[in-house]
Amino acid sequence: MTPLQTDIVVIGAGLTGLTTAHYLNKAGKNFLVIDRNPFVGGAIQTASEEGFTFEKGPSTGVMSNETVGELFEDLKDICTLERAADTVNKRYVLKDGRWEALPSGLMGGITTPLFTLYDKFRILGEPFRKAGTNPNETLAELVKRRMGNSFLDYAIDPFIIGVYAGDPAYLVPRFALPKLYNLEQKYGSFIGGAIKMGREKAKTQPKPKKKESNRIFSVEGGLTNFMKALQQSAGADKFILGINNLTITPENGHYTVKGINFQGEEISIHAKQAITTVGAHELEMMLPFVEKTTLDKITNLLYAKVVQVSLGFKQWNGFELDAFGGLISFKEKRDILGVLFPSAFLKNRAPEGGAMLSVFMGGVRRPEIHGLSDEAILQYVKKEMCSIMGLKSFNPDLVRIFRYREAIPQYGADCEARFAAVEALEKQYSGLYIGGNLRNGIGMADRILQGKNLAEGVK
Ligand SMILES: Cc1cc2nc3c(=O)[nH]c(=O)nc-3n(C[C@H](O)[C@H](O)[C@H](O)COP(=O)(O)OP(=O)(O)OC[C@H]3O[C@@H](n4cnc5c(N)ncnc54)[C@H](O)[C@@H]3O)c2cc1C
């Protein structure tokens, strides 16, 4: 078969690859996008069944950088951004089997039972504690040093479970939470730093008309509509889907991408540049020309295994769903990581009077849950839902279980070597760009920003 010719080939049509494609198209570039799946969106997939609309993977993003708003502005005629209702600002954390609202102000901070009295007093001294000097200090060590054990257990641990399905004793803030790390390094304190940064911003930047930063977003009808809109804006004819056994090989100043389509035929593409947006674990097969010692530094990235259980109730008779959801510290020794309440803050997710919930399980500290049977997973869900969600009996009208073996990358101390290996590889092989969630952040906003930067970075 004659190879297809293009300037740029993008591997992966998840959020990162689709955003890259959108910006490549905007810049008038000649490109193709290839994916193993017969559909676009990667981890982002919405389903609508029996009156419920639910996400199989990511449920919401945070508008944590300006590119997110800019992208939605580009897509405004073909998809409608949905800003979450204000309910989303309330979050619960489980302590001793009871949901407690995470405090947002000073009064709440003083009265909350989540933190010990000792730590509440100790926090007053936070601005005066010395900045850390170990660049590979873990998040757990950092928080214990600056704020105390109860903040680690009942604020940071649930937060990290919600974002990374991770373990604060593994994650290194320099890579996993760079904004937090920089607050301490630049200003010497989280509290003092946040205040000073706010003042500096107010001086140097015009006040936004409406506070958009850090707003929680989805898309009307579900995030799949966002993925389809990106595909449409990039040009549907640019996508070659359902391609397996994909390899990239440098040859005479270009890259040859080979794979097998659903009919079992080989496809071959010649491109001047190749951009990968797949997970680290995919690169060993995809880049057979790279030395194993270099590749190992990239592919050894730990991913959290996650199980997501979508539960639909036509009539909700449990705990009042007046929040984003509830997260559970590992210390509570529960069999679920948390529950999100999407129907409490997004439109049309459940029938009137009903509820759509998303239960998360597994994570880096309970990886075995991923391998359990559906029956065993549901036993755990049933037990926990009756215990903490105020349900007398467990009779959901809809149950769907989704398993992710490589869900969320864990940015630990090995990041430094990984990033150096990626940079060295890109330098050695001109025109090869390694994107994806192995660097530049894990959230939807990070993926969007990386996609834009990848598109702008190609020559
Ligand atoms: C269960 C789950 C829940 C999450 N929840 C949230 C959330 O609520 N908020 C948030 O901000 N972030 C969340 N994330 C993180 C992040 O936003 C998503 O993972 C994001 O959608 C990742 O986009 P991506 O394009 O980088 O990767 P992916 O979506 O994984 O896309 C990669 C694409 O590459 C393709 N591919 C992989 N290997 C190959 C190969 N060998 N050949 C060809 N194609 C290949 C895949 O088919 C896929 O389409 C969640 C992630 C998971 C897994």
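Hey, what did the chain get for relative contact order, percent, Cα under 8 Å, at least 6 apart?
26
Can you put CYS386, CYS415 in order of Cβ neighbours within 10 angstrom, beginning with the fewest?
In order of increasing Cβ crowding within 10 Å: CYS386, CYS415.
Here are some pairs, LYS144/LYS333; LYS144/LYS347; LYS76/LYS196; LYS26/LYS203; which of them have Cα atoms lying more than 30 Å apart in this structure?
Over 30 Å Cα-Cα: LYS144/LYS347; LYS76/LYS196; LYS26/LYS203.
Calculate the dipole size of the chain relative to its Cα centre from +1 charges on Lys and Arg beta carbons and -1 charges on Asp and Glu beta carbons; express the result in debye to the nearest 20.
So the magnitude is around 1480 debye.
Between GLU70 and THR116, what length in nm is gained on full extension when 0.36 nm per residue of separation is reduced by their alpha carbon distance?
Value of the extension gain: 12.3 nm.
Return one number: the angle in degrees, 0 to 90 and rounded to the nearest 10, between the long axis of the Cα atoms of helix 444-457 and the longest principal axis of the Cα atoms of the chain.
So the helix axis and the longest Cα principal axis differ by about 30 degrees.
In degrees, nearest 10, range 0 to 90: what is the angle between the Cα axis of helix 374-388 and the longest Cα principal axis of the chain?
30
Residue by residue through region 389-397, what is 3J(HN,Hα) from phi via Karplus (6.51 cos²θ - 1.76 cosθ + 1.60, θ = phi - 60°)? Round to whole Hz and write x for glycine and proline.
My calculation for region 389-397 gives 10, x, 8, 6, 9, 10, 10, x, 7 Hz in order.
Going by a ≥ b ≥ c, the root eigenvalues of the Cα gyration tensor, does region 303-409 fall in the rounded group (a/c under 1.5), the prolate group (a/b larger than b/c) or the oblate group?
prolate
Using R₀ = 60 Å, calculate the FRET efficiency as 1/(1 + (r/R₀)^6) where r is the Cβ-Cβ separation of ASN395 and PHE289; round to 0.05.
0.60
Ordered by residue, what ³J(HN,Hα) values in Hz, to whole numbers, does region 423-440 give under the Karplus form 6.51 cos²θ - 1.76 cosθ + 1.60, where θ = phi - 60° and Gly and Pro are x?
Using θ = phi - 60°, the values come out as 4, 5, 5, 5, 6, 5, 10, 4, x, 9, 10, 9, x, x, 7, 6, 7, 6 Hz.
Give me, ordered by chain and number, the residues 5 or more places off LEU432 or on other chains with an amide H under 5 Å from its own placed amide H.
Amide H neighbours of LEU432, under 5 Å, 5+ apart: ALA274.
Tell me the volume per residue, in Å³, of the convex hull enclosing the alpha carbons of region 115-204.
Per-residue hull volume (Cα only) is 99 Å³.
Given H placed 1.01 Å from N in the peptide plane, which residues other than close sequence neighbours of LEU438 have an amide H under 5 Å from its amide H?
Under 5 Å from the amide H of LEU438 lie the amide H atoms of ALA280, each far enough along the sequence or on another chain.
Sorted by packing (mean other beta-carbon atoms within 10 Å per residue), highest first, where do 236-247, 7-18 land?
7-18, 236-247
List the pairs from LYS29/LYS452; LYS238/LYS452; LYS331/LYS392; LYS56/LYS314 whose alpha-carbon separation is above 21 Å, in the order I gave them.
Going by Cα-Cα distance, LYS331/LYS392 fall outside the 21 Å limit.
Quick one: in the chain, what % of C-alpha pairs are over 44 Å apart?
So the pairs more than 44 Å apart make up 13 percent of the total in the chain.
If you find the alpha carbon centre of region 42-92 and of region 1-41, how far apart are they in angstrom?
23
Work out from phi, with θ = phi - 60° and the Karplus expression 6.51 cos²θ - 1.76 cosθ + 1.60, the ³J(HN,Hα) of each residue of region 69-85, listed in order in whole Hz, and give x for Gly and Pro.
Values per residue, Gly and Pro as x: x, 5, 5, 5, 5, 4, 9, 4, 7, 10, 7, 10, 4, 10, 7, 5, 4 Hz.
FYI, it's all coordinate maths here, none of it is from the lab. This is a predicted model, so every value here is computed, not measured. Positions of Cβ are backbone-derived with ideal geometry, glycine not excepted, and every protein chain shown enters the neighbour counts.
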